[in-house]
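Here's the structure we're looking at; comments come further down.
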Amino acid sequence: MRFDVFTLFPEMFSAYLDESILKRAQEVGILQVGLHNIRDYTTDKHHTTADVPYGGGGGMVMKPEPIFRAVESILGAPPGCPVILLTPQGRRFSQKVAEELAGYPHLALLSGRYEGVDERVREHLVTDEISLGDFVLTGGELPAMAVIDAVSRLLPGVLGDPDAPQKDSHASGLLEYPHYTRPPEFRGWEVPEVLRSGNHAEIEKWRQAQALARTKKRRPDMLTQPEDEDGGEVS
Ligand code: 4GX
């Protein structure tokens, strides 16, 4: 699968993508990420990427020309893949959305800064808008990285255990049960006896009960609303 990211800060992505699981996914060729600096697609002397808003009100808005030039020179006109804008006004990102996106061979991600992008970019270039959640970030780079991460780990061969994505909390519809590792006692706090019993049927029963109790307490919405009908507020 390939992602092409359009951003004013491509360097922000490298530290995250060039470590651990996503690094290996790129090395073995399961994942490709192209990072494109929108500033490289300006044509004016000062490499202007943003300007003041029509109608006033302060702040800056990203200009349409460099964004169209960048996306169309990499992906063609019209682009042959979804072009996703990261914005608090988008549909809420979730495991279900990650699964949907993992079905595409190629995605473009557009990370905005300032007050956002000129509306003509949304209307005539962007095909989907995704929000990481109802909070305000300084830019769309972190949400783009979250999308790349959550989608990439679903691709066959990225995780060591091929069943891992099906075992995920949210894929199962329940929060995860508690995890323990050695030592069996730490500062007087013991690992539950059942986990050390070797009785795998009992262990499975305990884990399911724990997952259900935890979900009831922390995320009752996950039990009443199937998958992820968020019904939440919109910014
Ligand atoms: N989930 N932000 C984007 C600038 C912007 C605004 C509108 C395009 C359109 C965010 C989030 C988020 C802040 C990133 C505003 N770009 N993005 N930025 N939450 O808060 O996705």
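The values are calculated or read from the model by the stated rules, or taken from the named source; none is laboratory data. These numbers come from a predicted model, not from an experiment. Because the Cβ atoms are built from the backbone with ideal geometry, glycine has one as well, and the counts that use them run over all protein chains shown.
Computed quantities for the displayed model
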| item | result |
| --- | --- |
| Residue list for the stretch 149-193, restricted to those being touching an Asp or Glu at 6+ places or on another chain (Cβ under 8 Å) and more than 30 Å from THR224 (Cα to Cα) | PRO184, VAL191 |
| Residues of the stretch 96-109 satisfying the condition of being out of contact with any helix residue (DSSP H, G or I) (no Cβ under 7 Å at 6 or more places or on another chain) and within 14 Å of the ligand (Cβ to nearest atom) | VAL97 |
| Residues located in the stretch 10-34, provided they are over 21 Å from GLY103 (Cα atoms) and buried (at least 16 other Cβ atoms within 10 Å of the Cβ) | PRO10, MET12, PHE13, TYR16 |
| Residue pairs meeting the criteria (Cβ under 6 Å; at least 6 apart or on separate chains; first within 14 Å of THR7 (Cβ to Cβ), in the stretch 104-122; second crowded, with 24+ Cβ neighbours inside 10 Å and of a type in the set (S, T, N, Q)) | SER111/THR7 |
| Which numbered condition VAL52 misses (of (1) of a type in the set (A, V, I, L, M, F, W, C); (2) touching a residue at least 12 places away in the same chain (Cβ under 8 Å); (3) within 20 Å of GLY112 (Cα to Cα)) | (2) |
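For (1) in contact with a Leu (Cβ under 8 Å, 6 or more places away or on another chain); (2) closer than 24 Å to GLY34 by Cβ; (3) at pLDDT 95 or above, each residue gets a yes or a no:
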| position | (1), (2), (3) |
| --- | --- |
| LEU110 | yes, yes, yes |
| ARG120 | no, yes, yes |
| VAL158 | yes, yes, yes |
| LYS167 | no, no, no |
| GLU176 | no, no, yes |
| ARG182 | no, no, yes |
| VAL194 | no, no, yes |
